[in-house]
Amino acid sequence: MTHDAALAVASGLGFGLSLIVAIGAQNAFVLRQGLLRQHVLPVVAVCVVSDAVLIVAGIAGLGSLLDLAPWLVDVLRVAGAAFLLTYAGLAARRAWRPGAIDARADGSGAAALWPVVSTAVALTWLNPHVYLDTVVLLGSVAGTHGDERWWFGAGAVLGSIVWFTALGFGARLLQPVFARPSAWRVLDAVIAVVMVVIAATLLHGLGAR
């Protein structure tokens, strides 16, 4: 690897982390699954593979498709907001009624794999911001690196791997805190608020260009 390639990887790593290390619907879901120790690897894999596909698409120049079909962004906003509000309602129910929490870190009452994976997919692909961040913004920044743009993309993918792996599998370090039911109620309340706020921002941006 040349010096320029190494610099591009480092830049991509830093830029990628700056986009995904934030409180959001996807991160909140990965954190919760990590705390529950339920289907963590599949959830992390969905997030990482999705990021990789979107990053490659952005570097390949597919961001121009969003300019050709601006209505698609609005469709994603509505679908994403509807899903987030539904998930927020479920999280609020768990926070309001502790008995509704039917899954524990010991694995009892664990949720089935398919609903968990499908939720991870929806939280990723129904969020229009993920397209704007990766396909458009990251793709544009990668283009400034010329022939080294794919190294930049590799760095961004590495950032996604590092972050989601640390978030999902590192969450178990917080389990002593979440041994108390009250901690789960607070977490679910925060998740519900985050989901509602994100849904509101999606709907507020309808028609914006």
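For this structure, a couple of remarks:
- Whole-number percent relative contact order across the chain, with pairs defined as alpha carbons under 8 Å at least 6 apart: 47
- Distribution of pairwise C-alpha distances over region 134-209, 10 Å bins, in %: 15, 23, 29, 24, 8, 0
- Per principal axis, descending, Cα span of region 17-66 in whole Å: 40, 21, 17
- Crossing angle, helix 3-20 versus the chain [Cα axis fit, 0-90 degrees, rounded to tens]: 40
- Calculated FRET value between Arg93 and Trp71, using beta carbons and R₀ = 41 Å, to 0.05: 0.75
- Protein heavy-atom accessible surface, 1.4 Å probe, per residue over the chain: 50 Å².
- Highest to lowest packing among 27-39, 10-22, scored as the average C-beta count within 10 Å: 27-39, 10-22
- Nonpolar atom fraction for the chain, defined as the carbon and sulfur part of the 1.4 Å probe accessible area, stands at 72 percent.
- Kirkwood hydrodynamic radius over Cα pairs of the chain, then Stokes diffusion coefficient at 25 °C and 0.890 mPa s, in µm²/s: 137
- Helical content alone sets the calculated 222 nm signal of the chain at -23000 deg cm²/dmol, taking -39,500 (n - 2.57) per DSSP H segment of four or more residues and averaging over every residue.
- Every Cα-Cα pair of region 133-178 was included, and the share exceeding 15 Å stands at 56 percent.
- Only Lys, Arg (+1) and Asp, Glu (-1) charged, at Cβ; the chain dipole about Cα centre in debye: 940
- Given charges at Cβ of Lys, Arg, Asp, Glu: the chain dipole, positive-most of Ala91, Leu13, Leu203: Ala91
- Take each peptide in 155-161, 167-173, 113-119, count the other Cβ atoms within 10 Å of every residue, and average; sorted highest first, the result is 155-161, 167-173, 113-119.
The values are calculated or read from the model by the stated rules, or taken from the named source; none is laboratory data. Here the structure is a predicted model, which means the values were calculated and not measured. Cβ coordinates were reconstructed from backbone atoms using ideal geometry, including for glycine residues, and neighbour counts include every protein chain displayed. These accessible areas exclude ligands, DNA and RNA; they are computed on the full protein's heavy atoms, side chains included. Shrake-Rupley method; radii C 1.70, N 1.55, O 1.52, S 1.80 Å.
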